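The values are calculated or read from the model by the stated rules, or taken from the named source; none is laboratory data. Since the model is a prediction, treat every value here as computed from it, not as a measurement. Ideal geometry is used to build each Cβ from the backbone, glycine not excepted, and the neighbour counts take in all protein chains shown. Surface accessibility is based on the protein's heavy atoms, side chains included, excluding ligands, DNA and RNA. Shrake-Rupley method; radii C 1.70, N 1.55, O 1.52, S 1.80 Å.
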Amino acid sequence: MGVLFLEAAEVPEALPMQGLSTSLVLIALMAVVAPLAGRFLNRWVKVPIVVFEILLGILLGPSLLGWVQSTSFTDTLADFGLAMLFFVAGNEIDFTAIRGQPVYRASTGWVISLAAGIGAGFVLVPSPEAAVIIGVALCSTALGALLPILRDAGASTSPIGVAVTAVGAAGEFGPLIAISLFFSSKQPGVASGVLLGFVLLTGVAIYLASQARHTLFHAQVSATLHTSSQFAMRSILLILSSLVVLSMVLGLDMLLGAFAAGVLWKVTIARAPESDRKTIETKIDAVAFGFLVPIFFIDTGIDFDLGALTSSPFALAMVPLFLVLLLIIRGLPSLLAAPPGSSPRDKGALMLFGATALPIIVAVTTIGREHGLITTGISSALIGAGMLSVLLFPLLALRRLRRPEALTAGLRPPKA
């Protein structure tokens with residue numbers, strides 16, 4: 001009897017573990033299927049891989065098949081993935097290329113987007129807090145998702161790619177500042193002081209890192225680059241976790257710390273041998289896009305409340321409205337950063353890239369939903385519009401970037 005009672009007592013512990021194990025295996029399976037589906041469709045249409053990750057999460061999640069359930073462990077991994085996405089964005093931004101007019105014009109466009117977004121929010125909802133959430137969501141740009149797309153398309157260093165980077169930097173860093181100011185538990189003056197202190201502290205750290213030669217640090221990185229010590233990756237983890245925790249302790253959004261960590265690492269490793277830097281970039285991509293980031297996008301699909309969206313005609317009608325507002329409120333002001341002499345096709349691509357948004361939308365709507373500032377229907381509508389923007393806008397933008405001569409080059413007979 002004692003054995004039977006012991007086994008019965010163990011069942012409640014076994015069931016959650018069994019559910020977690022199933023979810024982990026299925027999430028890993030979805031992460032493998034997503035690039036295969038993208039490669040299969042690549043012969044007809046180039047779809048960003050994040051689209052498949054989100055759609056698979058919706059398909060296997062509670063909204064449809066119900067095979068995968070979100071758990072505290074998978075949510076934690078997804079948070080790490082989101083932080084890693086912003087770390088990569090901070091690490092990959094070429095500040096030398098976007099400094100001056102590109103970043104000034106992109107920042108001006110973002111301020112216009114924020115004001116227009118909050119104005120649209122006031123029209124749609126009566127609450128000032130909800131209006132701010134909608135405004136911050138509509139003024140964001142998914143730079144972390146766009147950089148791999150631009151890199152895979154070979155357009156990251158082109159003039160339009162530099163403009164997209166400037167627009168994305170403003171559309172990712174600006175909303176983080178807005179979130180930290182508007183949704184801090186502190187008084188506005190105190191919140192501004194804390195934010196300014198964090199920016200100054202990280203600015204000083206980045207400046208000191210840019211001035212130092214880091215000879216001993218680079219030597220240790222080189223010596224352990226192909227060993228089990230992996231000093232570079234462990235240093236990245238230390239920098240990322242330190243700034244994320246610091247931002248959270250100060251009551252700021254953790255993504256602000258993740259973004260700053262990426263910039264700090266880029267400056268720290270800048271004077272290392274080029275071969276070492278390329279190897280480290282490969283390792284960062286492996287950890288980010290091979291492990292953590294796919295979990296974030298898949299978990300976004302799993303947590304997506306499709307029922308709240310489809311059960312409300314108002315919320316369902318808001319999805320195309322928010323998608324159009326993204327194009328108008330965020331896309332049009334992005335044109336301020338267009339390089340001189342840009343063709344209409346390039347400007348159209350820049351507008352579409354600038355209106356691509358999702359990670360910030362997920363972050364800010366989560367804050368709004370947890371604090372009871374927006375309804376689940378509005379949150380689902382905003383996230384749905386963000387997912388559609390990631391699905392449609394980069395795809396349309398890449399098609400506009402392809403010149404007609406490039407599309408027909410393979411059909412022309414070779415010259416004698």
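Okay, here's what the table says:
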quantity: Area of residue 104 that stays accessible when all protein chains are in place (1.4 Å probe, Å², to 10); calculated: 140
quantity: Charge tally in the Cβ shell below 10 Å around residue 27, where Lys, Arg are +1 and Asp, Glu are -1, residue 27 excluded; calculated: -2
quantity: Cα gyration tensor of the chain - equivalent ellipsoid semi-axes, whole Å, descending; calculated: 32, 28, 26
quantity: Kirkwood Rh, angstrom, segment 82-194 [1 / mean 1/r, Cα pairs]; calculated: 15.0
quantity: Charge context of residue 98, other residues only, Cβ under 14 angstrom, K/R +1, D/E -1; calculated: 0
quantity: Whole-angstrom gap from segment 205-227 to segment 147-181, using each part's C-alpha centre; calculated: 27
quantity: Heavy-atom accessible area order for 110, 67, 265, largest first, 1.4 Å probe; calculated: 67, 110, 265
quantity: Additional length obtainable on full extension of the chain from residue 201 to residue 72, 0.36 nm per residue less Cα span; calculated: 43.2 nm
quantity: Packing-based ranking, highest mean first, of 256-264, 112-120, 22-30, 312-320 given that Cβ atoms within 10 Å are counted; calculated: 256-264, 112-120, 22-30, 312-320
quantity: Solvent exposure, largest accessible area first (probe 1.4 Å, DNA, RNA and ligands not counted), of 74, 279; calculated: 279, 74
quantity: In Å², nearest 10: area of residue 371 left accessible to a 1.4 Å probe; calculated: 130
quantity: Assigned charges on the beta-carbon of Lys, Arg, Asp, Glu; the chain dipole about Cα centre (debye); calculated: 1880
quantity: Alpha carbon convex hull of segment 175-293, projected area averaged over orientations, nm²; calculated: 7.9
quantity: Exposure rank, largest accessible area first [157, 375, 268; 1.4 Å]; calculated: 157, 375, 268
quantity: Full-stretch length increase - residue 278, residue 345 - with 0.36 nm per residue and alpha-carbon distance subtracted; calculated: 20.8 nm
quantity: Relative contact order of the chain, pairs being alpha-carbon contacts under 8 Å that are 6 or more residues apart, as %; calculated: 27
quantity: Average accessible surface area per residue within the chain, 1.4 Å rolling probe, Å²; calculated: 47
quantity: 27 Å Cα cut-off, lysine pairs counted over the chain (separation 8 or more, or different chains); calculated: 5
quantity: Computed accessible area, residue 235, all protein chains, 1.4 angstrom probe, square angstrom; calculated: 10
quantity: Rounded D (µm²/s) - segment 261-301, Kirkwood Rh over Cα pairs, Stokes-Einstein at 37 °C, 0.692 mPa s; calculated: 286
quantity: Estimated Rh, segment 264-343: Kirkwood, alpha-carbon pairs, angstrom; calculated: 17.3
quantity: Computed label-point distance, nm, for sites residue 212 and residue 311 using a 7 Å Cα→Cβ extension; calculated: 5.4
